[in-house]
């Protein structure tokens, strides 16, 4: 069953722009040429290369669907696009209603608007087409040759969305997420084509100062208040017999039940999640990437109370999922210790930047991470619902606000992004 997608943009002009392009779609990675796919994905980005996507598809069978798109110009591949298809329910959005505004009139207006829209939002239950890898921050999932302009990329992506939606009539909406500021020519026409812009939580990242040769150099760069705090964290964990182990694939498999239990303790509390990992993911990931993937577990005495994982990707580190028994770890500030450990690992391996992801921004800022603003675009394929509900809801959709700290002395500020 085909789905006809409404488009408010100048379709004739856009079609003229990409008249020489065509699309080849596959619903399983087994039908995709590994050589051709990897040729168009930057080599340091292991998380969008063939083997990684094959792992995700293999562990998410029956839970998600996938689409792999080759973009061709006169039979020459000029780009690749990756989509994941997930079930999305309106209950996931309830926690994202904006805070009640100040002022009597505004409060009444807010309560009326929420009272009308919340029941409708809760009825949403659909297949959502997502551009990129929802298990990683910043994976927007499309790569093109350098001679394809930013404006062309936007048109080609939207055309790929239309072609992909035709493969499953139950796909009702699309999310193009994890785009970083500043905006460019890529963004110019999305709103004209019925897409609504959404603001998402910032990616928290720490650019390592090249003068930090050792972890002690990093601690020395902090103001007195944060040095004292760091030392208390280390002392508290040491007093409680906390020890860290860097597990190999066999060790991860041995402890996978407890690792997955700890993972679920964290993910179950998340305000918003489109999918969850499987128990086998962690050991399979380690087998696939070896030392480029690390999983550190933390024991308090004989009990495993937490873990943290990372991807080592050339000059950057992506801190991935964590798991914790918060009833235990909150008392010993273990999560902050984990963050310090990731920074020490980064300094030892001479990376340039650590990406900590979007959750817990305030505590991440206390170790020096700073926010990189992010946004995305969403569109429901029913024009009435898209106009009346999605547009109005996303206009007021705001991430929770947090206090962002700065732990460094003024003369030791972390280098600014270029």
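Here are the numbers for the structure shown:
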| read-out | value |
| --- | --- |
| Boolean, residue 294 is on the phi < 0 side of the Ramachandran plot, within 21 Å of the chain's Cα centre (by Cα) and free of Cβ contacts under 8 Å to residues at least 60 places away in the same chain | yes |
| Count of residues meeting criterion [in a loop (DSSP other than H, G, I, E, B) and under 23 Å from residue 242 (Cβ atoms)] in segment 295-316 | 2 |
| Condition met for residue 160 (touching a strand residue (DSSP E or B) at 6+ places or on another chain (Cβ under 6 Å) and under 19 Å from residue 385 (Cβ atoms)) | no |
| Scope segment 367-396; condition out of contact with any strand residue (DSSP E or B) (no Cβ under 6 Å at 6 or more places or on another chain) and either in a helix (DSSP H, G or I) or surrounded by fewer than 21 Cβ atoms within 10 Å (Cβ to Cβ) (or both); matching residues | 370, 382, 383, 384, 385, 387, 388, 389, 392, 393, 395, 396 |
| Of residues in segment 397-418 being at pLDDT 90 or above, surrounded by 14 or more Cβ atoms within 10 Å (Cβ to Cβ) and out of contact with any strand residue (DSSP E or B) (no Cβ under 8 Å at 6 or more places or on another chain), the one nearest to residue 223 (Cα to Cα) | 406 |
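The values are calculated or read from the model by the stated rules, or taken from the named source; none is laboratory data. What you are looking at is a predicted structure, and each value in this text was computed from that prediction instead of being measured. Please note: Cβ atoms are built from the backbone with ideal geometry, for glycine as well, and neighbour counts cover all protein chains shown.
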